[in-house]
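This report refers to the structure that appears directly beneath it.
Every number in this text was worked out from the coordinates using simple rules, so none of it is lab data. Bear in mind the structure is a predicted one, so any value in this text is a computation, not a measurement. Glycine also receives a Cβ, built like all others from the backbone with ideal geometry; neighbour counts cover every protein chain displayed.
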C-alpha cells in the first residue's frame, strides 16, 4: 500500500492512479472509503474481492454534481428537488437507471469534492472494511488489515466515528428510507 497525505498536490497522483485502474482508500464526509472509477470493471471487481462483498450488493456511486447524476440515472423534477435539498451531504439516493436501480451520492468533503471535479467521472465507493465488519477510521488499522494490497491510501488521520450515509429510495411514488 502506498500512502499520500491529503493535499491538493496529491490530487494529480490520485487521478492518475484511478485512471490507470487503481483502487484508492479515501476519507469521505462519513468514513474512509474504497473508491475506483465506476467505468473500470477490473477496479470494481477488485473492491468486491478486497471486501469479500457479495456481487448481489451493488456499490453506490459518488458524483460531482446533479448533472453527472442525471447522466447515470433518470431523475424527475420532483426527485431533483429532493436531491438538491440534501446534496452535498450524507444522503445516498436510489434511482432508476433503465431496468435497474443505482445508488448515487454527492459527498460534502472538500478533498473528495475536488477529486471528483478533477477526475470528472463517477466513482464507485464503499466503506473500508470486510463486508459485515465495522468500518475502519484509523489509517493504522487500515494498514494492519489492508497494508499488503496494491492500493493508494489518502491519509487524513483519524476520522471521528460517523454514521454511514442515509439511503433513500426514490424509485417509487412514496419515498422510502432504506437506512437511517
When 179, 100, 53 are arranged by how many other beta-carbons sit within 10 Å of their Cβ, fewest first, they go 100, 179, 53
Relative to the chain, whose Cα atoms define the longest principal axis, helix 10-19 and its Cα axis are tilted in degrees, nearest 10, by 70
Rounded to the nearest 10 degrees, the helix 41-51 long axis (Cα) sits at an angle to the longest Cα principal axis of the chain of 70
When the chain is treated as a Gaussian network with springs between alpha carbons less than 10 Å apart, the largest mean-square fluctuation among 55, 90, 64 is found at 55
Inverse of <1/r> over all distinct C-alpha pairs of segment 112-180, i.e. the Kirkwood Rh in Å, gives 14.9
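Which percent, nearest 5, of DSSP beta bridges in the chain are antiparallel? Intermediate values should be presented prior to the final figure.
Working: 21 of 33 bridges.
Rounded to the nearest five, the antiparallel share is 65 percent.
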Neighbour-count ranking for 106, 1, 68 (other C-beta within 10 angstrom, fewest to most) reads 1, 68, 106
The alpha-carbon center of segment 133-180 and that of segment 26-63 are separated, in whole Å, by 10
Cα pairs beyond 18 Å in segment 44-121, in percent, come to 45
Tilt, helix 110-119 to longest principal axis of the chain (alpha-carbon atoms), in degrees rounded to tens, equals 80
Going fewest to most other Cβ atoms within 10 Å around each Cβ, 10, 162 line up as 162, 10
With T = 37 °C, eta = 0.692 mPa s and Kirkwood Rh from C-alpha pairs, the Stokes-Einstein D of the chain in µm²/s is about 199
